[in-house]
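Step one of this worksheet: look at the structure below.
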Amino acid sequence: MLFHPKEPVKILGKWSFQGIFPKRQNELAGKLAKVVSEELFSTDELKEKLTSPEQIGMINQMAESKIHDYLNFQMPKRYPILNFFLTEKNKANVQAEIMNEISDLAPKMIGRYISNLDEHIDVEAIVYGKVSKFSSDRLEQLLMSILEKEFGFIEKIGFVIGFLVGLIQMGMMILQQNLLY
């Protein structure tokens, strides 16, 4: 009843019946999108992680490697006369100056970029769009993978309760028959 029938089924032309999750998929998508955008995903946290010393260090290493490659391999090919006048010490000084600028600039650029993300990317709309477009099979697969243990427990409890109710009904029928005869 949670997942099937996936499409609405008419009963006696008056009532329609559909599995709970397929019927309420858009509502589920909306609530999930709201939770993700308000409680799970924060551009402030993203900004903090991307501007952490480790991340800035990685950016600096990549930039330093690229600058070194350019000054020592690509620039001599493109500008041989300029390269002729630059000593290794001058190249090292240029690289150090550029790296100082990048070290100061990288966190600011990342922060500004992420601030713009807040204005241009609607996480809630993205999550809603994706979840609401899940096929019924994909939604069932996803929820079953999350709630498999709980559904197993519900089935077992349902079996026990159903069995007990059946025994009680059978006992009542036997008692009723004995009272009538």
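Since every read-out is calculated from the coordinates, none of them should be taken as a lab result. On a predicted model such as this, the values are computed, not experimentally measured, just so you know. No Cβ is skipped: glycine too gets one built from the backbone with ideal geometry, and neighbour counts run over all protein chains shown.
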### Message
Using helices alone, I'd like the mean residue ellipticity at 222 nm for the chain: each DSSP H run of four-plus residues gives -39500 (n - 2.57), total over residue count, nearest 500.
### Response
-25000 deg cm²/dmol
### Task
Please tell me which of these pairs span more than 18 angstrom C-alpha to C-alpha: 31/130; 31/133; 47/133; 47/130; 23/130?
47/133; 47/130
### Query
In what sequence do 59, 121 fall when counting other Cβ within 10 Å, fewest first?
121, 59
### Message
Multiplying the sequence separation of residue 14 and residue 169 by 0.36 nm and subtracting their Cα-Cα distance, what value in nm do you get?
### Response
52.6 nm
### Task
Output ³J(HN,Hα) for region 4-15: one whole-Hz value per residue in order, computed from phi by the Karplus curve 6.51 cos²θ - 1.76 cosθ + 1.60 with θ = phi - 60°, and x for Gly and Pro.
10, x, 6, 9, x, 10, 7, 10, 6, x, 9, 9
### Message
I want to check the label-to-label distance for residue 60 and residue 41. Put each point 7 Å from Cα in the C-beta direction and report it in nm to one decimal.
### Response
3.1 nm
### Distance histogram for region 1-86 (every C-alpha pair counted, 5 angstrom bins, percent rounded to whole numbers)
3, 11, 9, 8, 7, 7, 7, 7, 7, 6, 6, 5, 5, 4, 3, 2, 1, 1, 0
### log10 of Debye I(q)/I(0), alpha-carbon scatterers only, for the chain at 0.17, 0.19 Å⁻¹
-1.12, -1.21
### Task
Determine the relative contact order of the chain: mean sequence separation of Cα pairs under 8 Å and six or more apart, normalised by residue count, in whole percent.
28 percent
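Relative to the Cα centre, what is the charge dipole magnitude of region 52-181, using +1 at the beta carbon of each Lys and Arg, -1 at the beta carbon of each Asp and Glu, and rounding to the nearest 20 debye?
Using only the charged Cβ atoms, the result is roughly 360 debye.
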### Query
Where the centre of each part is set by its Cα atoms, how far does region 1-69 sit from region 72-92, in angstrom?
49 Å
